[in-house]
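To start, the structure itself, in C-alpha cells.
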Amino acid sequence: MKRLLTEAIRSRRMPRRQLLAVGIFVVAVWAMTLLAGHAAAVKNDLEIVAQMPKMAERDGPLLVLRDFVKDPDLEVKRYIRRELSQKDDLYALLKRKIDFDKQVQLSVKDVQVRLMYVPQRPAGPGEAYQRYCRSILTFLFEMIQTDNFYTSITSPDGSLPPLDDSGVTAFLVHRLAKAYQATCRFTAESGRFVEYRASGAIFSNHLGAVDLEIEFVAPRQVRLKRKPFTIWQNNSEDVYTLLSLPVEETLHYYVGRATDHQLAEALRLTPPRSVTAAQQLAEEWIAVEESIVGGLVTRVVKEYCTRNHMAVPPMDSEEMRSSEPTLLQYKYRRYGVALVREMGFHEALTLYMGHPDHFRELVVDRYKEWSVANRVAAGDQAAN
C-alpha cells in the first residue's frame, strides 16, 4: 500500500519545464507585489512632502552645525555690503576720518562664519522628506550611471553633528542661519583707509548650496575645492523646489567635477593676479554650471514623478519666472534649460562632462542673442 501511494504521487509530478514556469510566475508575482508596495509608499511620501510648504515657519531652536571658521561666504558678503550701504551715519563718520569727497571702496575680508540650524521637524513630514531624498537620489544615480557618493543623508537634531569627509554628507534641516564676523575696509581715492568690524546673524535664503572655495596656496597659484557637506532646507514656499533640491545639489557635485577641471586649467594658463580676479572667473563658470544643472533637474523630477504616478508640480522659482534673474549665477539658467530640452538629457550631460567649454559657448551665444533682442526692443519702445 505504501509503495502504491508513492507511485501515485510520483505520477502526478510536474515536468521540469512546468516547474520552472511556475517558479518564474511566483517570483514575478512576488516582485510585482514588492514594486506595488514600494510605489504606494513613495506616492504616500510625495503626498506628505506636498503639504510641507503649508507648514508654519519656525525660528528655533537654533543649534550649531559648524563653529566659526574662515569662510568667504558670498551670501554673507552681499548682506554686509547691503547693510553698510544703508548706514548714512557710518559713512558720515568715515568721511571725516579718511577725508573722502566722491568715492570710497568697500572690501569685505577675513570673514568668519558659524553655521546654525533649526532641526527638521515634526517627525512625520521630516521622515517622509528624508525617504523621498534617498529615493529620488537612487533614481538619479541610475540615470547618470554613477555610484552614490553620499556617506550620509541625515536630519541632525543636536549641535555639531559628526561629519564624515570621506564622501559627501547631506544635512536636512528646516532652516539654516549664519552668524558672521568680518573686517570691512573703506578706502578713499587718496589711498587712506579705515577698518570696521562687522558682526551679526542672518537666516540663509539659499535652500541648498554646493560652494566652490578658492584659495591661494602660492603666489598666483590657486586651489579649488568643494565642501564635503551640503545643507538642504525644507522651508520652501513651493513643492517643486522641495522635490528638485536634492537632485540639484547632487548634480552640482557631479557636473562640478567638469567645471572645476575647466576652471583649474583656465587659472593655470592665465594665473590670476588676485583672489578677486579668480573669483570673477569662478562666478562665470558657476553661472554656466547652473545652466546645465537647471536643465537636467527638470528632466529628472519629471521622470521620477511620472514613474510614481504623481503630477509634476509647477515650477515656481524666481530666477525662472523673472525675465532678468536677480542673481548673476542664474543669468544663463533659462538658456541651459532650453538647450538640455533640445539636445536631450544624456547628450547634454555627456557634452558638459567632456567639453564644458563647448556647452558654455552654446549657452552664452543664446544669452547674447537674447540681450541684443532686448536692447533692440527697448530702443523701439523708447522711440515710440
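Is there a residue being under 21 Å from Ser107 (Cα atoms) and either in contact with a Phe, Trp or Tyr (Cβ under 7 Å, 6 or more places away or on another chain) or surrounded by 14 or more Cβ atoms within 10 Å (Cβ to Cβ) (or both) anywhere in region 235-253?
Among the residues of region 235-253, not one is under 21 Å from Ser107 (Cα atoms) and either in contact with a Phe, Trp or Tyr (Cβ under 7 Å, 6 or more places away or on another chain) or surrounded by 14 or more Cβ atoms within 10 Å (Cβ to Cβ) (or both), which makes the answer no.
Against the conditions (1) touching a residue at least 24 places away in the same chain (Cβ under 8 Å); (2) part of a helix (DSSP H, G or I), where does Arg78 fall short? Just the number, please.
Of the numbered conditions (1) touching a residue at least 24 places away in the same chain (Cβ under 8 Å); (2) part of a helix (DSSP H, G or I), the odd one out for Arg78 is (1).
Scan region 258-272 residue by residue and report those that are in a helix (DSSP H, G or I) and of a type in the set (S, T, N, Q). Give the derivation first.
Taking region 258-272 first, the residues in a helix (DSSP H, G or I) are 258-269.
Across region 258-272, the qualifying residues are Thr259, Gln262.
Against the definition (crowded, with 17+ Cβ neighbours inside 10 Å, in contact (Cβ under 8 Å) with a residue 40 or more places away in the chain and out of contact with any Asp or Glu (no Cβ under 6 Å at 6 or more places or on another chain)), how does Phe149 come out, yes or no?
Values: crowded, with 17+ Cβ neighbours inside 10 Å: no; in contact (Cβ under 8 Å) with a residue 40 or more places away in the chain: yes; out of contact with any Asp or Glu (no Cβ under 6 Å at 6 or more places or on another chain): yes.
Criteria not met by Phe149.
With (1) over 16 Å from Arg185 (Cα atoms); (2) outside any strand (DSSP E or B) as the list, and Asp67 as the residue in question, which single condition is left unmet?
(2)
If the requirement is being in contact (Cβ under 8 Å) with a residue 12 or more places away in the chain, touching a Lys or Arg at 6+ places or on another chain (Cβ under 6 Å) and either crowded, with 21+ Cβ neighbours inside 10 Å or not acidic (Asp, Glu) (or both), which of these qualifies: Ile214, Ile231, Ile202? Quick ask: steps written out before the conclusion?
On the way: Ile214 fails: touching a Lys or Arg at 6+ places or on another chain (Cβ under 6 Å); Ile231 fails: touching a Lys or Arg at 6+ places or on another chain (Cβ under 6 Å).
So the residue among Ile214, Ile231, Ile202 that is in contact (Cβ under 8 Å) with a residue 12 or more places away in the chain, touching a Lys or Arg at 6+ places or on another chain (Cβ under 6 Å) and either crowded, with 21+ Cβ neighbours inside 10 Å or not acidic (Asp, Glu) (or both) is Ile202.
Is there any pair linking a residue in region 257-268 that is assigned by TED's automatic domain parsing to the domain that holds Val222 and of a type outside the set (S, T, N, Q) to one that is part of a helix (DSSP H, G or I) and buried (at least 18 other Cβ atoms within 10 Å of the Cβ), with Cβ under 7 Å and at least six apart or on different chains, and which?
Sorted first by the residue in region 257-268, then by its partner, the pairs are Ala258/Tyr352; Ala258/Pro356; Leu263/Ala282; Leu263/Trp285; Leu267/Ala278.
Where residues in region 137-187 are over 19 Å from Leu245 (Cβ atoms) and among the aromatic types (Phe, Trp, Tyr), which of them is modelled with the lowest pLDDT?
Among those that are over 19 Å from Leu245 (Cβ atoms) and among the aromatic types (Phe, Trp, Tyr), it is Phe186.
Looking at (1) modelled with pLDDT of 90 or more; (2) of a type outside the set (Phe, Trp, Tyr); (3) buried (at least 17 other Cβ atoms within 10 Å of the Cβ); (4) not in a loop (DSSP other than H, G, I, E, B), which is the one condition that is false for Leu224?
All conditions are met except number (1).
Looking only at residues in region 318-333 that are in contact with a Lys or Arg (Cβ under 9 Å, 6 or more places away or on another chain) and surrounded by 19 or more Cβ atoms within 10 Å (Cβ to Cβ), which one is modelled with the highest pLDDT?
That would be Tyr332.
Residue by residue through region 173-193, note down the ones that are surrounded by fewer than 16 Cβ atoms within 10 Å (Cβ to Cβ) and touching a strand residue (DSSP E or B) at 6+ places or on another chain (Cβ under 7 Å). Working first, answer last.
Start the filter on region 173-193 by keeping residues that are surrounded by fewer than 16 Cβ atoms within 10 Å (Cβ to Cβ), which leaves 181, 183, 185, 189-192.
Selection gives Gln181, Thr183, Arg185.
Just to check your reading of the model, which residue among Ser274, Ser291 is farther than 18 Å from Ile136 by Cα and without any contact (Cβ under 8 Å) to a residue 24 or more places away in the chain? Break it down into steps so the answer makes sense when it comes.
Values: Ser291 fails: without any contact (Cβ under 8 Å) to a residue 24 or more places away in the chain.
Matching residue, one of Ser274, Ser291: Ser274.
This table checks each residue for (1) farther than 30 Å from Pro162 by Cα; (2) in the same structural domain as Glu283 (by TED's automatic domain parsing); (3) modelled with pLDDT of 75 or more.
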site	(1), (2), (3)
Met1	yes, no, no
Met14	yes, no, no
Val29	yes, no, no
Ala56	no, yes, yes
Leu63	no, yes, yes
Phe68	no, yes, yes
Arg81	yes, yes, yes
Leu90	yes, yes, yes
Lys97	yes, yes, no
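Can you pull out every residue in region 134-164 that is among the hydroxyl-bearing types (Ser, Thr, Tyr) and farther than 15 Å from Ile231 by Cα? Explain how you work it out, then say what you get.
Here is the first cut: in region 134-164, the ones among the hydroxyl-bearing types (Ser, Thr, Tyr) are 135, 138, 146, 150-152, 154-155, 159.
Hits for region 134-164 are Ser135, Thr138, Thr146.
The values are calculated or read from the model by the stated rules, or taken from the named source; none is laboratory data. Model, not experiment: these values are computed from the prediction. Methodologically, a virtual Cβ is constructed for each residue, glycine included, from the backbone with ideal geometry; neighbour enumeration extends over all protein chains shown.
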